[in-house]
Amino acid sequence: MIRYTTSPDGLTDRMLDGFFVGWPDPPSARTHREILHRSAYVVLAVDEQAGRVVGFVTAISDGVLSACIPLLEVLPAYQRQGVGRELTRRMLVLLKDLYMVDLTCDRDVQAFYAQCGMTESTGMMMRNHERQSGRGRQPGSGQVPPEGKL
Ligand SMILES: CC(C)(COP(=O)(O)OP(=O)(O)OC[C@H]1O[C@@H](n2cnc3c(N)ncnc32)[C@H](O)[C@@H]1OP(=O)(O)O)[C@@H](O)C(=O)NCCC(=O)NCCS
């Protein structure tokens, strides 16, 4: 039985095993928990019997016009069972009052997002590969520095 929740409270590292498949330098479970807590919106799919999270989606947002969905993943053993579609559906409900909802993805996942009601687009991106794990951030990084310090 899969339960869906918007609360990342009470998660243990063990409940988050197995995500970031194929990432050369994946975030730790602790960093994963931090990502979930710091995101503006999160939806988790929890396998109650197994006592683990089997899928998650996050969104960051200005809360006024726009949101971006940076992460969506379903554990391989739980894929093709409708979990990804349900996570995305629930996230798009949470974001329904915003004007812009954007994400970047590989071409092979575009059909999935199209089924979820999203439209193909073009985009630009940048990746700092040495920061993939989320380690080594300075305290306060991610916040806008005082004027003149950029
Ligand atoms: C993409 C992903 C989240 C889909 O999750 P899922 O739970 O397997 O998806 P669902 O079972 O809800 O799929 C619904 C439908 O979308 C389509 N679909 C699912 N995964 C797809 C994929 N990788 N490529 C193309 N279509 C896909 C299928 O038509 C599927 O219906 P079907 O089961 O009748 O074939 C999952 O494959 C995943 O975690 N992949 C690795 C991480 C990733 O690529 N995330 C997206 C980053 S932008």
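Rule-based calculations on the coordinates, nothing more; no lab input. The structure presented is a predicted model; accordingly, all values stated were derived computationally and were not measured. Positions of Cβ are generated from backbone atoms using ideal geometry, with glycine treated the same way; all protein chains shown enter the neighbour counts.
At q = 0.19 Å⁻¹, work out log10 I(q)/I(0) for the range 9-150 with the Debye formula, treating every Cα as an identical point scatterer and leaving solvent out; two decimals please.
Results for the range 9-150 at q = 0.19 Å⁻¹ read -1.38.
Given the rule -39500 (n - 2.57) for each run of at least 4 DSSP H residues, summed and divided by the residues of the chain, what is its mean residue ellipticity at 222 nm, to the nearest 500 deg cm²/dmol? Can you show the working numbers first?
Numbers: 3 runs with 28 residues, N = 150.
Helices in the chain give a 222 nm mean residue ellipticity of -5500 deg cm²/dmol.
Contour minus end-to-end for A111 and R85, with contour as 0.36 nm per residue of separation and end-to-end as the Cα-Cα distance? List each step's numbers first, then the result.
Numbers: separation 26, 0.36 × 26 = 9.36 nm, distance 1.15 nm.
Residue separation times 0.36 nm, minus the Cα-Cα distance, leaves 8.2 nm.
Using only the alpha carbons of the range 3-75, determine the length spanned along each of the three principal axes and report them from longest to shortest in whole angstroms.
38, 30, 18
Using a simple spin-label model with points 7 Å from Cα along the Cα→Cβ vector, what separation in nm is obtained for S66 and Y99?
Once both label points are built, they end up 1.0 nm from each other.
Are there any trypsin sites (Lys or Arg not before Pro) in the range 1-101 that are in a DSSP loop and have at most 11 other Cβ atoms within 10 Å? List them by number. Don't skip to the answer; put the middle values down first.
Details: sites: R3, R14, R30, R33, R38, R52, R80, R85, R89, R90, K96; in loops: R80, K96.
Counting only loop positions with at most 11 other Cβ atoms within 10 Å, the trypsin sites (Lys or Arg not before Pro) in the range 1-101 are R80, K96.
Only bridges whose two residues both fall in the chain count here: according to DSSP, what percent of them are antiparallel, nearest 5? Write down the numbers at each step before the final one.
On the way: 17 of 20 bridges.
That works out to approximately 85 percent antiparallel.
Neighbour counts of other C-beta atoms within 10 Å: give me T6, T119 arranged from fewest to most. Present the calculation step by step, with values, prior to reporting the outcome.
On the way: T6 11, T119 7.
By the 10 Å Cβ count, ascending, the order reads T119, T6.
Mind giving me the nanometre distance, one decimal, between the label points for W23 and H129, set 7 Å out from Cα along Cα→Cβ?
1.6 nm
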